[in-house]
Each structure stands twice: as C-alpha cells, then as structure tokens.
Amino acid sequence: MRWAGLIVLAAVIAWPALAEETAGRKDYTSVRGMTEFEALPGGHDLMAIYFHAVDDALGYGNFYLTARGGAPFFCPPAKLALNAGNYRKILLDEVARLRRLKPANKEWQDKIDRSNIGMILVDALYRTFPCK
C-alpha cells in the first residue's frame, strides 16, 4: 500500500511531462528547466508557487495514506513547518548528492539534468524524513 501510494503521488507530481520539451513547449519540471526558469524575471517566485503546490500534494498524499490505514511515505518532525524554501533546499541537496555519485560521467550528469524535479524531491523527502 505504501509503495502504491508513493508511485501514484510521484506520477501526479511528475505530470505533465518527464522530457525537456513536451508538445512544443518548454518543460520547466526538469532540473535543467528549473534552473533556467528561476533565472527568468519572476521565475523564482513562480517556482515558490510550484513548491507550495507540491507541499499541498504531498501533505494530502500522506493524509490519504494514513486515513486508509497505511503508513505515510515521509515523516518530517512535528516542529518543522516545511515551506517552499525547505523543499527547494532539499531538492538541490539531493541533486548535489546524485551528481557526486558519478562526477566524471557526463551521461549521468545529463540524465540528472533531464530528471523530473518532483520525482527527485519525493525520493529526497523519503530519504530525509524516514518514518519510524
């Protein structure tokens, strides 16, 4: 049940695209796209809105899992109020960790650049705030 909920939630966050471009429009949900988008005027503020939406989705996902008798897929400390800044830092820390796994491998680095930020963030939250 826990993995099924995690997979469904990850798919929802990953939507609408996993590629660098989708249907002829720029996709800013990749690591590279997020970096480019934040450099645009107002881009940083819009990414904060994206992370706020991710916060809502993840909170509802955890609530849904526990309401149905399952375990949440990540458990932040009760005294920590996650916000867009926290999510961005957790994401960037995870991207840096992934880059350090194979620093000299250009194919690996390109794969990270093309990776969906929602998928990376879900994995980072699961790793950062494991449930006991």
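The values are calculated or read from the model by the stated rules, or taken from the named source; none is laboratory data. Because the structure is predicted, anything quoted here is derived from the model rather than measured. A quick note on method: Cβ atoms are made from the backbone with ideal geometry, for glycine too, and the neighbour counts reach across all protein chains shown.
Tabulated results
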read-out	value
Options Ala71, Ala17, Ala11, Ala53; residue that is closer than 17 Å to Leu121 by Cα and at pLDDT 85 or above	Ala53
Helices (runs of 4 or more DSSP H) within the range 41-132 that include 1 or more residues exposed (fewer than 15 other Cβ atoms within 10 Å of the Cβ), among the hydrophobic types (A, V, I, L, M, F, W, C) and without any contact (Cβ under 8 Å) to a residue 12 or more places away in the chain	43-67, 84-101, 106-114
